[in-house]
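What follows is one structure encoded as structure tokens, with my remarks underneath.
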Amino acid sequence: MKTFITGGSGYLGQRLAWRLAESGEYVHVLIRNKNAAVHLEHPNIKIFYGDILKIKSIKEALGDCQYIFHVAALARVWSKNPEDFYTVNVEGTKNLIQVAKETKIQKFILTSSTGTIGPSLKKPNDENTPRWSSFNNDYEISKYLAEKELLKAVLDGFPGLIVSPSRIFGPGLDSPSSGINRLIAGYLKNKVAIMPTTHHALGNYGFIDDIVEGHIKAREKGEIGQKYILGGENKSLGELFQTIKNLSPQRGLMLKFPVWPLKYWSWLELYMGNNFGRSPKITPDFVKRINEDAVFSSGKAIKDLGYKITPFEEAIQTTIQFLINKRAS
Amino acid sequence: MKHFALITGASEGLGKSLALECANKGMDILLVSLPSTGLPELKLLLDQNFEVFVDYLEIDLTDDESCHYLIEYVKSKEYPISFLINNAGVGGNYQFGNQDFAVFNRMIQLNIKALTMITHGMINVLAKNSQSFILNVSSMIIHFEGPYKQVYGATKSFIFYFSKSLSIELKDKNIQVTVLCPGGINSNIKMARINNQCNLLQQISVLYPEEVAAYSIEKTMKGKNVIIPGKIVNLYFIFSKLLPNQFRNWLIKTNNTKLIKSQQALSQ
């Protein structure tokens with residue numbers, strides 16, 4: 001059995017490729033950057049250099065693989081050119097589907113995000129919850145459009161399905177796509193974390209190893225045309241900060257900061273980004289989300305795929321230990 | 001008093017946010033929008049999250065018959081509508097001479113005729129309550145006359161005058177009429193993408209439909225006649241009055257030209 005993974009040099013893709021390779025499977029990865037290859041040096045991983053924006057690259061890397069995990073995405077809050085999100089996330093997905101259609105692929109698993117479903121009301125969001133909140137960032141819009149492309153292909157008989165991780169954290173490569181890892185790393189390094197004074201909003205925090213297993217289970221048992229939320233426990237922002245503080249070996253400060261100035265700060269960050277190319281630390285959309293719940297149920301994946309959730313505290317503990325060891329090395 | 005809201009154009013953008021805000025405030029709701037725009041799903045979402053009665057009607061309001069049907073539907077069901085929200089509307093930037101008249105006809109039909117017919121048909125229903133509200137959605141662009149928005153802007157000016165006039169007329173019937181003049185709103189994916197390509201001064205004036213909805217409902221219930229949401233928008237509005245006319249017109253023209261270009265780019 002051979003599996004092709006896009007985004008193999010990224011946070012989730014690398015972890016997934018490694019997990020499959022360790023279990024004895026053969027994996028093809030397509031990466032752009034030669035420096036990223038060090039994390040993929042495994043006898044069962046075959047590295048191809050290229051780009052999902054080039055059909056030729058995809059054809060070479062796909063070879064005779066029967067399964068595709070399309071993990072690659074521009075996953076961040078900002079890009080100097082907003083069109084990049086659409087080029088990479090939508091056109092990239094279209095390219096992969098186009099090439100995969102010509103081969104005897106058995107399953108195509110698109111990694112999306114719970115961000116396409118958006119915030120929740122009183123009841124936890126599931127795979128069928130319609131988007132009620134406005135779309136305000138290009139990442140979420142592009143992932144939403146990528147899902148639509150896949151579902152359109154499914155109608156023509158394409159064996160595609162979707163997995164949607166929530167806010168992902170845990171051991172792995174440094175990445176802009178895990179804010180929680182950066183939060184913990186920052187706290188361990190500076191002994192200070194800044195938390196908003198209003199921290200009641202609930203979020204869903206998915207542990208990377210659960211999400212990796214969820215991907216593999218989706219490949220085994222996932223039904224064509226379906227979507228599966230791969231999340232973790234729902235916790236408030238306050239609980240998240242408190243857990244990090246409690247489980248860190250060192251003492252540190254949790255500074256409280258009101259939310260309203262953040263809006264103006266995010267405008268300044270956006271200005272700096274647009275004019276000097278400095279990636280904003282926060283965006284207006286991020287500020288809007290601070291007070292919105294984003295509760296998700298992974299019930300469907302648990303029931304249909306046998307998805308398992310590592311208890312929140314255990315997952316945070318593992319992450320802290322990983323980040324401490326990484327600093328020491 | 002428990003309110004019953006009728007919201008047109010409720011499936012997307014500001015209309016959807018208004019529906020959620022009304023439900024959040026405990027109002028029963030009749031949602032009206034085009035067929036297959038997600039009203040059954042929206043009803044289900046509201047049913048699951050709020051303890052209010054929700055019904056929906058999937059009709060095309062650019063058709064006179066549909067407007068009549070809506071009015072008759074409300075009367076036959078005896079829905080005690082006390083909050084009429086005329087939100088449905090179509091916009092866009094077009095070169096007048098190069099565009100099919102059908103596009104402008106649709107704007108006039110929906111933004112002017114449907115709104116007027118529905119309001120007319122609902123007056124007696126609204127008047128039965130001890131206090132009722134009409135919220136009409138106009139636009140900030142009525143204060144910034146510029147190219148490519150000729151018909152759209154004119155329909156919104158109609159709504160503005162109509163609302164202000166009616167507001168005085170209906171005072172003794174306990175019907176409060178409010179007109180909403182929003183600036184840019186991230187009301188759907190297309191608008192969000194157009195807005196994200198604007199410069200920072202424009203970007204920071206863009207509002208989320210959720211905040212516009214919450215603010216509008218609150219201010220309408222407080223009896224405000226004209227609502228302009230957003231601090232930045234208000235600031236720009238005051239500032240624009242101080243500018244020399246020629247410069248002001250140049251600014252609007254530059255802005256609208258940019259808008260029509262991004263609209264064309266996205267519809268390709």
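The table below lists the values:
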read-out: Residue in region A:139-159 that is under 22 Å from A:Phe296 (Cβ atoms), more than 16 Å from the chain's Cα centre (by Cα) and more than 14 Å from chain B (Cβ to nearest Cβ) present; value: yes
read-out: Region A:40-65, residues that are touching a strand residue (DSSP E or B) at 6+ places or on another chain (Cβ under 9 Å) and either farther than 26 Å from A:Ser23 by Cα or assigned to a loop (DSSP other than H, G, I, E, B) (or both); value: A:Glu41, A:His42, A:Asn44, A:Gly50, A:Asp51, A:Ile52, A:Ser57, A:Gly63, A:Asp64, A:Cys65
read-out: 2 or more residues within 14 Å of another protein chain (Cβ to nearest Cβ) and over 15 Å from the mean Cα position of the chain (by Cα): qualifying helices (runs of 4 or more DSSP H) within region B:1-81; value: B:13-24, B:39-49
read-out: Some residue of region A:102-118 being surrounded by 23 or more Cβ atoms within 10 Å (Cβ to Cβ), within 13 Å of chain B (Cβ to nearest Cβ) and touching a residue at least 12 places away in the same chain (Cβ under 8 Å); value: yes
read-out: In region A:225-238, the residues that are at pLDDT below 95 and not aliphatic (A, V, I, L, M); value: A:Gly238
read-out: Residues that are within 21 Å of B:Ile185 (Cβ to Cβ), small (Gly, Ala, Ser) and buried (at least 24 other Cβ atoms within 10 Å of the Cβ), drawn from region A:119-156; value: A:Ser134, A:Ser142
read-out: Selection status of A:Thr198, free of Cβ contacts under 8 Å to residues at least 24 places away in the same chain and over 16 Å from the mean Cα position of the chain (by Cα); value: no
read-out: Only one of A:Ser248, A:Ser297, A:Ser279 that is within 14 Å of chain B (Cβ to nearest Cβ) and polar (S, T, N, Q); value: A:Ser297
read-out: In region B:180-222, the residues that are within 14 Å of chain A (Cβ to nearest Cβ), small (Gly, Ala, Ser) and closer than 20 Å to B:Tyr152 by Cβ; value: B:Gly184, B:Ser187, B:Ala192, B:Ser205
read-out: Selection status of B:Val177, touching a helix residue (DSSP H, G or I) at 6+ places or on another chain (Cβ under 6 Å), of a type in the set (Val, Ile, Thr) and more than 14 Å from chain A (Cβ to nearest Cβ); value: yes
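Okay, residues lined up against (1) touching a residue at least 24 places away in the same chain (Cβ under 8 Å); (2) of a type in the set (A, V, I, L, M); (3) crowded, with 18+ Cβ neighbours inside 10 Å:
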site: B:Asn199; (1), (2), (3): no, no, no
site: B:Ser205; (1), (2), (3): yes, no, yes
site: B:Glu210; (1), (2), (3): yes, no, yes
site: B:Ile232; (1), (2), (3): yes, yes, no
site: B:Leu235; (1), (2), (3): no, yes, no
site: B:Ser240; (1), (2), (3): yes, no, no
site: B:Thr254; (1), (2), (3): no, no, no
site: B:Leu259; (1), (2), (3): yes, yes, yes
site: B:Leu266; (1), (2), (3): yes, yes, no
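The values are calculated or read from the model by the stated rules, or taken from the named source; none is laboratory data. The structure presented is a predicted model; accordingly, all values stated were derived computationally and were not measured. Because the Cβ atoms are built from the backbone with ideal geometry, glycine has one as well, and the counts that use them run over all protein chains shown.
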